[in-house]
Amino acid sequence: MANSKRKCANCKDYFKPEREFPGPSAWCSSKCGAALALSRLPAQRKKAQRQDRAEKRRRMDAIKPRAKWLKEAQAAFNGYIRARDAGMPCISCGNLPEQKYGGTMDAGHYRSTGSCPELRFEPLNCWAQCVKCNRHLSGNSVDYRIGLVKRIGLGKVQWLESNHEAKHYRADDLRAIREQYKALKRQAGKAS
């Protein structure tokens, strides 16, 4: 095999490798070897930069406070709810989003995250709600309950209104919740 010709990776000419290097070389001369090394530098730099960013992200995640993880998990959950309920009317008033209020839908919780934090990430407790009902009418809870009974039934609404075991989320739990709802949002986006 040492006597066979090889194709230079730089100039693409065929050459017969010499045995002065420990392994078979991929270039025909030192000039081609230097040119090949210089051509590979940008890709090597990009790879090193990607690794540096990944390492920095890993270090930053290690020191990220629990409140930041909670905020990111909540944002992912809300994004999933909006994707799941895309095109559906507001659960409280039954209207589609109005341009007057921004034309967007919020992820409105039936039982608020302050009064019942254990249902914060429960999909049955959170539905698409217009900005008017969610923000300006403080959730429009009476009409929300009526719409919720129509959508999921009285039994599940009574389960939501009952007492639930407290949940204490650690940073690892919140990271898993964030990733779970990001994946569900992607699936909901593909389905619609």
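Would you work out the charge dipole size for region 80-174 about its Cα centre, treating the Cβ of every Lys and Arg as +1 and the Cβ of every Asp and Glu as -1, and quote it to the nearest 20 debye?
Roughly 240 debye for region 80-174.
Can you list the lysines whose alpha carbon sits under 29 Å from that of LYS7, skipping same-chain ones fewer than 8 residues off?
Excluding near neighbours in sequence, the set is LYS16, LYS31, LYS46, LYS47.
Once the mean 1/r over all distinct Cα pairs of region 130-192 is inverted, what Kirkwood radius in angstroms do you read off?
Final number for the Kirkwood radius of region 130-192 is 14.8 Å.
Across region 39-53, in residue order, what do the Karplus-derived ³J(HN,Hα) couplings come to in whole Hz, using 6.51 cos²θ - 1.76 cosθ + 1.60 with θ = phi - 60° and x for Gly and Pro?
Running phi through 6.51 cos²θ - 1.76 cosθ + 1.60 with θ = phi - 60° gives 5, 8, 4, x, 5, 5, 5, 4, 5, 5, 5, 4, 5, 5, 5 Hz.
If the only charges are +1 at each Lys and Arg Cβ and -1 at each Asp and Glu Cβ, what is the size of the charge dipole of the chain around the Cα centre, to the nearest 20 debye?
Using only the charged Cβ atoms, the result is roughly 1040 debye.
Could you quote the convex hull projected area for the chain, Cα atoms only and averaged over all directions, in nm²? Provide the component values of the computation, followed by the final result.
Working: hull surface 76.5 nm².
Its Cα hull, projected and averaged over all orientations, spans 19.1 nm².
How large is the helix-only mean residue ellipticity at 222 nm for the chain, computed as the sum of -39500 (n - 2.57) over DSSP H runs with n ≥ 4, divided by its residue count, in deg cm²/dmol to the nearest 500?
-16500 deg cm²/dmol
Hey, with R₀ at 45 Å, roughly what FRET efficiency would HIS136 and ALA48 work out to, going by the Cβ-Cβ distance, to 0.05?
Taking R0 as 45 Å, the efficiency between HIS136 and ALA48 is 0.30.
We did not get these values from a lab; they are worked out from the coordinates using the rules stated. Please read all numbers here as calculations on a predicted model, not as lab measurements. Neighbour counts run over all protein chains shown; Cβ positions are idealised from the backbone, glycine included.
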